[in-house]
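> Could you have a look at this structure, given as structure tokens, before my questions?
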């Protein structure tokens, strides 16, 4: 899948047409003067913020930078999350890629291969790298080179309805609970009336998170080798299927149809959740909730995959130094000290780690998330490889079919693993 910038520019005509339709992408004169008569520049940053509230909060953080740098203006350019990677490639083909851009992990490897991103290795080396929490810098690296800086990092935990636990006489789970304990609790919290389930133990257990808890993954996060047929992966996926079809503690797709949040509506006792959900639960839940790390599924101890926001600099930006100053502010400097309060974004620097405890709606056990950020249990579970999106789509489609038909998983997973190795030339 290797193709360089010259390949991208073959898309320029298409890109120009799309950008004209989308509006805000085309670059014009981005310089001017401020109120003091000083020369100014405009930095453009591309995000997938598509709601006014999110854009407003992001702008408040950006305004803190421009207050310190009156010669800089900042313009946000947004694209939908689902179309984001395609939009980046289209804008790059037309020579209109913004100065900075948020990066989805699924597109990171492709962007690096295409030479779209600035190598920040030397810039980062000049910082006090001990200030970053464990594993943060690695999230922006490809083959040891730094192509992005992480603005915020968190992870998925299990959110649970404390009222349901109390009513069932079940003690709240400990931070080091096991997968067996999770299953037993889920069984006890699942309630049936005749043949109909009226309360589920767990609303969802995302595949990637379950694999991480089991100490495995679809592709090796470093080498991109296929791990779909590893015994630990097969065991994890079989367990996932059993939650739905054997133990009936997690709803089927049909049972969830038409219901967007079984946890919030009081139909499920537990749910995969993150700090981005806390404020919604505080505002809209009519029950007490708390959080706990994912149950331990392997001898690696507690593990969950990183949910994070990498930001990169366009390799062809007209303003590389100013773009770096903004990126440093957002990921290392003053932006880290205000983002939790403004945007509920979890900081990545040690000095601001406890800001998580003051996030809107923070539950009693929010400290468990602080602990995970510092103890190395939040891990990268997906490689930066151009084939990641296609591989994950094929795996997801297969597992959905297996779950629907309650088909044993081992042989289909082994077959797909071999197919993936051949199709994408993976180990």
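The values are calculated or read from the model by the stated rules, or taken from the named source; none is laboratory data. What you see is a predicted model; the values in this text were computed from it and never measured. Please note: Cβ atoms are built from the backbone with ideal geometry, for glycine as well, and neighbour counts cover all protein chains shown.
> When you check residue 254 against the structure, is it in a helix (DSSP H, G or I), modelled with pLDDT of 95 or more and surrounded by fewer than 17 Cβ atoms within 10 Å (Cβ to Cβ), yes or no?
Answer is no for this residue.
> Identify the residue in the range 87-101 that is within 20 Å of residue 41 (Cα to Cα) and buried (at least 22 other Cβ atoms within 10 Å of the Cβ) and, among all such residues, is nearest to the chain's Cα centre (by Cα).
Checking each candidate, the answer is 101.
> So, one more: Would you mind stating whether residue 157 is buried (at least 20 other Cβ atoms within 10 Å of the Cβ), out of contact with any strand residue (DSSP E or B) (no Cβ under 6 Å at 6 or more places or on another chain) and under 30 Å from residue 58 (Cα atoms)? Please lay out each step first, then the result.
On the way: buried (at least 20 other Cβ atoms within 10 Å of the Cβ): yes; out of contact with any strand residue (DSSP E or B) (no Cβ under 6 Å at 6 or more places or on another chain): no; under 30 Å from residue 58 (Cα atoms): yes.
When the stated conditions are applied, residue 157 does not pass them.
> Might you let me know whether the range 113-125 holds any residue that is part of a helix (DSSP H, G or I) and either in contact (Cβ under 8 Å) with a residue 40 or more places away in the chain or outside the structural domain of residue 347 (by TED's automatic domain parsing) (or both)?
yes
> Now for a different question. From the list 314, 261, 248, 284, pick out the single residue that is assigned by TED's automatic domain parsing to the domain that holds residue 45 and touching a residue at least 12 places away in the same chain (Cβ under 8 Å).
After ruling out the rest, the residue left standing is 314.
> For residue 264, state whether it is farther than 30 Å from residue 145 by Cα and not in a loop (DSSP other than H, G, I, E, B).
Answer is no for this residue.
> Okay, next question. With (1) touching a strand residue (DSSP E or B) at 6+ places or on another chain (Cβ under 9 Å); (2) surrounded by fewer than 16 Cβ atoms within 10 Å (Cβ to Cβ); (3) within 27 Å of residue 139 (Cα to Cα) as the list, and residue 217 as the residue in question, which single condition is left unmet?
(2)
> Something else now. Which numbered condition in (1) over 30 Å from residue 112 (Cα atoms); (2) part of a helix (DSSP H, G or I) is the only one that residue 326 fails?
(1)
> Inside the range 288-305, can you point out the residues that are under 19 Å from the mean Cα position of the chain (by Cα) and either farther than 24 Å from residue 264 by Cα or buried (at least 23 other Cβ atoms within 10 Å of the Cβ) (or both)?
Of everything in the range 288-305, those that are under 19 Å from the mean Cα position of the chain (by Cα) and either farther than 24 Å from residue 264 by Cα or buried (at least 23 other Cβ atoms within 10 Å of the Cβ) (or both) turn out to be 291, 293, 294, 302, 303, 304.
> Take the range 81-97 and flag every residue that is part of a loop (DSSP other than H, G, I, E, B) and in contact (Cβ under 8 Å) with a residue 40 or more places away in the chain. Don't jump to the end; show me each part of the working.
Step one: filter the range 81-97 for residues part of a loop (DSSP other than H, G, I, E, B), giving 81-83, 94-97.
Scanning the range 81-97 gives 94, 95, 96, 97.
> Further question: Mind telling me which of the residues 73, 44 ends up being in contact with a helix residue (DSSP H, G or I) (Cβ under 9 Å, 6 or more places away or on another chain), modelled with pLDDT of 95 or more, within 29 Å of residue 336 (Cα to Cα) and in a strand (DSSP E or B)?
Every option except 73 fails the conditions.
> Here is a further query. In the range 367-390, which residues are over 22 Å from residue 291 (Cβ atoms) and touching a strand residue (DSSP E or B) at 6+ places or on another chain (Cβ under 6 Å)?
Within the range 367-390, 383, 384 qualify.
> Within the range 358-376, which residues are crowded, with 19+ Cβ neighbours inside 10 Å and either assigned by TED's automatic domain parsing to the domain that holds residue 173 or on the phi > 0 side of the Ramachandran plot (or both)?
Hits for the range 358-376: nothing passes.
Listed here are the residues, each with its yes/no results for (1) assigned by TED's automatic domain parsing to the domain that holds residue 161; (2) surrounded by fewer than 20 Cβ atoms within 10 Å (Cβ to Cβ); (3) without any contact (Cβ under 8 Å) to a residue 60 or more places away in the chain; (4) over 26 Å from residue 53 (Cβ atoms).
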site: 319; (1), (2), (3), (4): no, no, no, yes
site: 326; (1), (2), (3), (4): no, no, no, no
site: 333; (1), (2), (3), (4): no, yes, yes, no
site: 338; (1), (2), (3), (4): no, yes, no, no
site: 348; (1), (2), (3), (4): no, no, no, no
site: 351; (1), (2), (3), (4): no, yes, no, yes
site: 356; (1), (2), (3), (4): no, no, no, no
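> Is one or more of the residues making up the range 387-398 under 23 Å from the mean Cα position of the chain (by Cα), in contact (Cβ under 8 Å) with a residue 12 or more places away in the chain and either within 24 Å of residue 132 (Cβ to Cβ) or not in a helix (DSSP H, G or I) (or both)?
There is at least one residue in the range 387-398 that is under 23 Å from the mean Cα position of the chain (by Cα), in contact (Cβ under 8 Å) with a residue 12 or more places away in the chain and either within 24 Å of residue 132 (Cβ to Cβ) or not in a helix (DSSP H, G or I) (or both).
> If we keep just the residues of the range 133-167 that are part of a helix (DSSP H, G or I) and in contact (Cβ under 8 Å) with a residue 24 or more places away in the chain, which is nearest to the chain's Cα centre (by Cα)?
139
> Another question, if that's okay. Can you tell me which residue among 108, 132, 182 is in the same structural domain as residue 328 (by TED's automatic domain parsing), closer than 30 Å to residue 391 by Cβ and modelled with pLDDT of 95 or more?
Going through 108, 132, 182 in turn, just one is in the same structural domain as residue 328 (by TED's automatic domain parsing), closer than 30 Å to residue 391 by Cβ and modelled with pLDDT of 95 or more: 132.
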